[in-house]
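Asker: Starting off with a structure, shown below.
The values are calculated or read from the model by the stated rules, or taken from the named source; none is laboratory data. As the structure is a computational prediction, the values presented were derived from the model and not from experiment. Note that each Cβ is placed from the backbone with ideal geometry, even for glycine, and that neighbours are counted across all protein chains shown.
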Amino acid sequence: MNGHGHILVIDDDASQCELLELELHKRGFSIVTRPRAEDALELLEMEDFDVVVADIQLQGMSGLDLCRRIAHDRPDVAVVVITGFGSMETAIGAIRAGAYDFITKPFGIDALALALERAAKHRALRREVSRLRRVARESDRFGELLGTSPAMRKVYDLIERVSETDASVLVTGESGTGKELVARSIHDRSRRKHGPFVAINCAAVAENLLESELFGHVKGAFTDARQGRSGLFVEANGGTLFLDEIGELPLGLQPKLLRALQERKVRPVGGTSELGFDARLITATNKDLESAVEEGRFRGDLFYRIDVVHVPVPPLRARGTDVLLLAQHFAQSFSANFAKTVSGLSPAVGEKLLAYSWPGNVRELANAIERAVALTRSETLMVEDLPEKIRSSEKAPIAVSTFDPMELVPLEEIERRYILRVLETVRGNRTAAAHALGLDRKTLYRKLKSYGVGDDRSADAAHAPLHAEPAREGATRDAPAREGAARDAPAREGAARDAPARDGSSREGMPR
Ligand SMILES: Nc1ncnc2c1ncn2[C@@H]1O[C@H](COP(=O)(O)OP(=O)(O)OP(=O)(O)O)[C@@H](O)[C@H]1O
Ligand SMILES: [Mg+2]
């Protein structure tokens, strides 16, 4: 905006034009004046004005008609009309015709200046809002899923292909990556979209209840069973059954689930006969199920049944500038929820969001932006509005940088650093690391062993603090220290896994 705004004055009274030009210019506006309404329309096509001020009584096209035309052709330009003394009817007519404000003669220049400032501000806001609307264009999303990164396009492609089939789908990914959204998206695109989408979190229900939840029970099957119940498999008939956190399914229930899937029939608790069902199964987990199978915590036969098509959902840190797209989207929607006018992110915020590693993924981002929108005093989110740990994140240098241009590093050492870095990035998930590196798991294990990684069996893989502050370390520019952390973090992680077993080579999207 130029000063307080770029203003077009339409008035056939030349002396009035002169006066306005002089006085408004003093107050920081830049002014162009024209005598006829027709001139305004022409000029608006060539020049960008924030506000048009028009006398309502003009020769030729009336001020009122001008309001209508501008409202129609250039709704982004605000119009302020000047009406004669006491003609309230005309003023109301002007507002109806699309004017933003009116001012009655005689008026003080300050009153007009104030009205113009308001109008210019209003216009700036409207522009920002429509810019934000453009941010969430159709091309930036796939249904409810926002993102245009290659990593997400791969997911969209898999969703599209798998939606056409009835195959069982296993959705994997870190917590908060959008696994449930992916599951719903598959349902919404499948031929079952008009049927129910029934979801249950296997980790949230006690084992004995879970069995009857899933398979139903007959009347009197247990103390509280005053009535029979059909269970979720049957309730999902014609639709999709989503079993979230399938990795937490108790071992005792696993053979029952396997049997149901094989026979396409369920046996209600306490019942003797079986019921058929017609539901498509989608499961999700943030655990490394292959390792769970190797360690005997998850049945291999069930794993193969549910993992017909694998849809891995990438962590947010692997989605490039999607993080900004999502942040804009969340800023906009929380701003509306809180009746605020937050319209964007400062460039510094963008940098921080890109540098941070997002262990909690999209959910963490949504929470951070919600908090920032609630706290901020400005219309643009500032670094101060971000939580401390995001504010203090610095872009971590890539694993192979040495900080010493004279250091000539053997290729093997580069490989070692890179492998450890990848392992760190996938938070110790060796299946995922092998996948990312294009190695089979045996090879990865062998290499890790040669680096002295992977013998500590004491820690629980899922809880190792792998993110051992790597982002912060990047800031200290202390290469040996960083490496030390990378080396021992995966070691702790290496934890419970030993058996090389099945190689984790690419299987995503490959129906078996
Ligand atoms: N690509 C995306 N676009 C828009 N919103 C997203 C996207 N991914 C995730 N979200 C939002 O982030 C939140 C977390 O997503 P969701 O619950 O699907 O994650 P999840 O992987 O199932 O997490 P968890 O493992 O913790 O259950 C939801 O509010 C979801 O709407
Ligand atoms: Mg979930």
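Asker: Quick check: is even one residue across the range 22-41 under 19 Å from Lys105 (Cα atoms) and aromatic (Phe, Trp, Tyr)?
Answerer: no
Asker: Using the structure shown, decide if Glu290 is away from ligand 2 (no atom under 16 Å from the Cβ) and within 29 Å of the chain's Cα centre (by Cα). If you could, list the steps in order and put the result at the bottom.
Answerer: Values: away from ligand 2 (no atom under 16 Å from the Cβ): yes; within 29 Å of the chain's Cα centre (by Cα): yes.
The answer is yes for Glu290.
Asker: Have a look at Ser175, Ser168, Ser185 and point out the one that is in the same structural domain as Leu249 (by TED's automatic domain parsing) and away from ligand 1 (no atom under 15 Å from the Cβ). Outline the logic, then answer.
Answerer: Details: Ser175 fails: away from ligand 1 (no atom under 15 Å from the Cβ); Ser185 fails: away from ligand 1 (no atom under 15 Å from the Cβ).
Going through Ser175, Ser168, Ser185 in turn, just one is in the same structural domain as Leu249 (by TED's automatic domain parsing) and away from ligand 1 (no atom under 15 Å from the Cβ): Ser168.
Asker: Looking at the range 88-121, which of its residues are outside any helix (DSSP H, G or I) and hydroxyl-bearing (Ser, Thr, Tyr)? Explain how you work it out, then say what you get.
Answerer: Going through the range 88-121, the residues outside any helix (DSSP H, G or I) turn out to be 97-108.
Tyr100, Thr104 - these are the residues of the range 88-121 that are outside any helix (DSSP H, G or I) and hydroxyl-bearing (Ser, Thr, Tyr).
Asker: Now, a different point. Would you mind stating whether Thr148 is at pLDDT below 95, more than 11 Å from ligand 1 (Cβ to nearest atom) and part of a loop (DSSP other than H, G, I, E, B)? Walk me through how you get there before you give the answer.
Answerer: Values: at pLDDT below 95: yes; more than 11 Å from ligand 1 (Cβ to nearest atom): no; part of a loop (DSSP other than H, G, I, E, B): yes.
Judged against the criteria, Thr148 is not a match.
Asker: Can I ask one more? If Met152 satisfies every condition in (1) within 16 Å of ligand 2 (Cβ to nearest atom); (2) in contact with a Leu (Cβ under 9 Å, 6 or more places away or on another chain) but one, which is the exception?
Answerer: Met152 satisfies all of (1) within 16 Å of ligand 2 (Cβ to nearest atom); (2) in contact with a Leu (Cβ under 9 Å, 6 or more places away or on another chain) except (1).
Asker: Kindly indicate whether Leu275 is under 22 Å from Lys179 (Cβ atoms) and in contact (Cβ under 8 Å) with a residue 40 or more places away in the chain. Don't jump to the end; show me each part of the working.
Answerer: Numbers: under 22 Å from Lys179 (Cβ atoms): no; in contact (Cβ under 8 Å) with a residue 40 or more places away in the chain: yes.
No.
Asker: Determine the pairs where a residue that is closer than 23 Å to Tyr304 by Cα, located within the range 171-189, has a partner that is surrounded by 24 or more Cβ atoms within 10 Å (Cβ to Cβ) and of a type in the set (Phe, Trp, Tyr) with Cβ atoms under 7 Å apart, the partner being 6 or more residues away or on another chain.
Answerer: The qualifying pairs are Ala183/Phe242.
Asker: Another one. Is at least one residue of the range 156-172 under 31 Å from the mean Cα position of the chain (by Cα), among the aromatic types (Phe, Trp, Tyr) and over 24 Å from Lys256 (Cα atoms)?
Answerer: The first filter runs over the range 156-172 and keeps only residues under 31 Å from the mean Cα position of the chain (by Cα), leaving 156-172.
Then keep just the ones that are among the aromatic types (Phe, Trp, Tyr); that gives 156.
When the remaining residues are screened for being over 24 Å from Lys256 (Cα atoms), the result is 156.
So far as the range 156-172 goes, yes, one or more of its residues are under 31 Å from the mean Cα position of the chain (by Cα), among the aromatic types (Phe, Trp, Tyr) and over 24 Å from Lys256 (Cα atoms).
Asker: Another question, then. Within the range 347-390, count every residue that is aliphatic (A, V, I, L, M) and part of a loop (DSSP other than H, G, I, E, B).
Answerer: Filtering the range 347-390 down to residues aliphatic (A, V, I, L, M) leaves 348-349, 353-355, 362, 365-366, 368-369, 372-375, 381-383, 386, 390.
Right, trim to part of a loop (DSSP other than H, G, I, E, B) and you get 382, 386.
Result for the range 347-390: 2.
Asker: Where in the range 257-338 are there helices (runs of 4 or more DSSP H), lying wholly inside it, with at least 2 residues that are at pLDDT 90 or above and among the charged types (D, E, K, R)? It would help to see each step written out before you state the result.
Answerer: Working: elements: 289-294, 300-306, 322-337.
The helices (runs of 4 or more DSSP H) meeting that bar are 289-294, 300-306.
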